[in-house]
1. Identify all residues within the stretch 186-237 that are of a type in the set (Gly, Ala, Ser) and either surrounded by 16 or more Cβ atoms within 10 Å (Cβ to Cβ) or modelled with pLDDT under 75 (or both); write none if there are none.
2. Using the structure shown, decide if Phe76 is within 25 Å of the chain's Cα centre (by Cα), among the aromatic types (Phe, Trp, Tyr) and within 24 Å of Ile107 (Cα to Cα).
3. Select from the stretch 14-32 the residues that are under 30 Å from Val112 (Cβ atoms) and touching a helix residue (DSSP H, G or I) at 6+ places or on another chain (Cβ under 9 Å) and write down the one among them that is surrounded by the most Cβ atoms within 10 Å (Cβ to Cβ).
4. Just to be sure I understand, how many residues within the stretch 75-94 are assigned to a helix (DSSP H, G or I) and farther than 16 Å from Gly15 by Cβ?
5. Return only the number of the condition from (1) surrounded by fewer than 17 Cβ atoms within 10 Å (Cβ to Cβ); (2) within 20 Å of Leu91 (Cβ to Cβ); (3) touching a residue at least 12 places away in the same chain (Cβ under 8 Å) that Ser11 does not satisfy.
6. Take Asn123 and decide whether it is farther than 28 Å from Phe176 by Cα and either of a type in the set (Asp, Glu) or at pLDDT below 95 (or both).
7. Looking at the stretch 34-74, which of the residues that are touching a helix residue (DSSP H, G or I) at 6+ places or on another chain (Cβ under 7 Å) and part of a loop (DSSP other than H, G, I, E, B) is farthest from Asp22 (Cα to Cα)?
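The values are calculated or read from the model by the stated rules, or taken from the named source; none is laboratory data. Here the structure is a predicted model, which means the values were calculated and not measured. Glycine also receives a Cβ, built like all others from the backbone with ideal geometry; neighbour counts cover every protein chain displayed.
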Amino acid sequence: MFELLIKIVLSHLLGDFFFQSDKMVKSIGTEKFKSPYLYLHAMIHLCLMLAITKFEGAYIFPICMLALSHLVIDCFTKIIIVKKIKEIYNLILDQGLHALSIYVFIICLFEVNINWEVIFSKNNYLLFSTMIVLLSACSIAISKTMSLFDYNLPNKGLEDAGKVIGILERLFIFYFVTSGFWEGIGFLLAAKSIFRFGELKDGKDVKHTEYILIGTLLSFGLAILVAVIYLQIKANI
């Protein structure tokens, strides 16, 4: 089962990210259902899957159905809703639907037993709760704390970029702490200093510099604290 799954996933990755050119994507976007590349793309997936499974008789019909489902999903994500949602959400939806179709393909051929006790284990509940704290609670806490300084950042950058940067840095720090790679925090702080604080220094805006520095240290401190608490709780449950 796992060998077949790896082969099908490899075929999907080759078809979607290696053999699909920008020309094909643009043609599908402009010509929509009339684009020959839409159907060529599905045929490439079909040929890849048949070739990598060595045309085994037991897999030919299911693979044909999987290739057809790939065509249907592409019609939905690349033509029907492509202008209705942002590109990144479209990509996530597209690949999620393809992953679901591959899962259905596998369970139709093999008996798959899902260990729900592992999925809904206390460790996963703890991890999920920690992610909510890192992604949401910490953002709110930092925002409320920074409001005490009564300073409005100049609107010169991307919208919500600071919030996204904070979330990403806390996730990195959580990984560094839980994996024991404390040096990574230093590298992260140094990298952020190079890209952010050099600009602030040139601007000679002391309040702006201090505001960003306080927010950064607060974000780093909360991320480290949450990661350490997570490790302590995990070790005792």
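1. Result: Ser193, Gly198, Gly203, Gly215, Ser219, Ala223, Ala227.
2. Values: within 25 Å of the chain's Cα centre (by Cα): yes; among the aromatic types (Phe, Trp, Tyr): yes; within 24 Å of Ile107 (Cα to Cα): yes.
Yes.
3. Per the stated criteria, the residue is Gly15.
4. So the answer is 9.
5. If we test Ser11 against (1) surrounded by fewer than 17 Cβ atoms within 10 Å (Cβ to Cβ); (2) within 20 Å of Leu91 (Cβ to Cβ); (3) touching a residue at least 12 places away in the same chain (Cβ under 8 Å), just (1) comes out false.
6. On the way: farther than 28 Å from Phe176 by Cα: no; either of a type in the set (Asp, Glu) or at pLDDT below 95 (or both): yes.
No; evaluated as a whole, the condition is false for this residue.
7. Once the filter is applied, the top-ranked residue is Thr53.
Yes or no, residue by residue, for (1) in a helix (DSSP H, G or I); (2) in contact (Cβ under 8 Å) with a residue 60 or more places away in the chain; (3) among the acidic types (Asp, Glu); (4) under 15 Å from Leu222 (Cα atoms):
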{"position": "Leu97", "(1), (2), (3), (4)": "yes, no, no, no"}
{"position": "Cys108", "(1), (2), (3), (4)": "yes, no, no, no"}
{"position": "Glu111", "(1), (2), (3), (4)": "no, no, yes, no"}
{"position": "Leu127", "(1), (2), (3), (4)": "yes, yes, no, no"}
{"position": "Leu168", "(1), (2), (3), (4)": "yes, no, no, yes"}
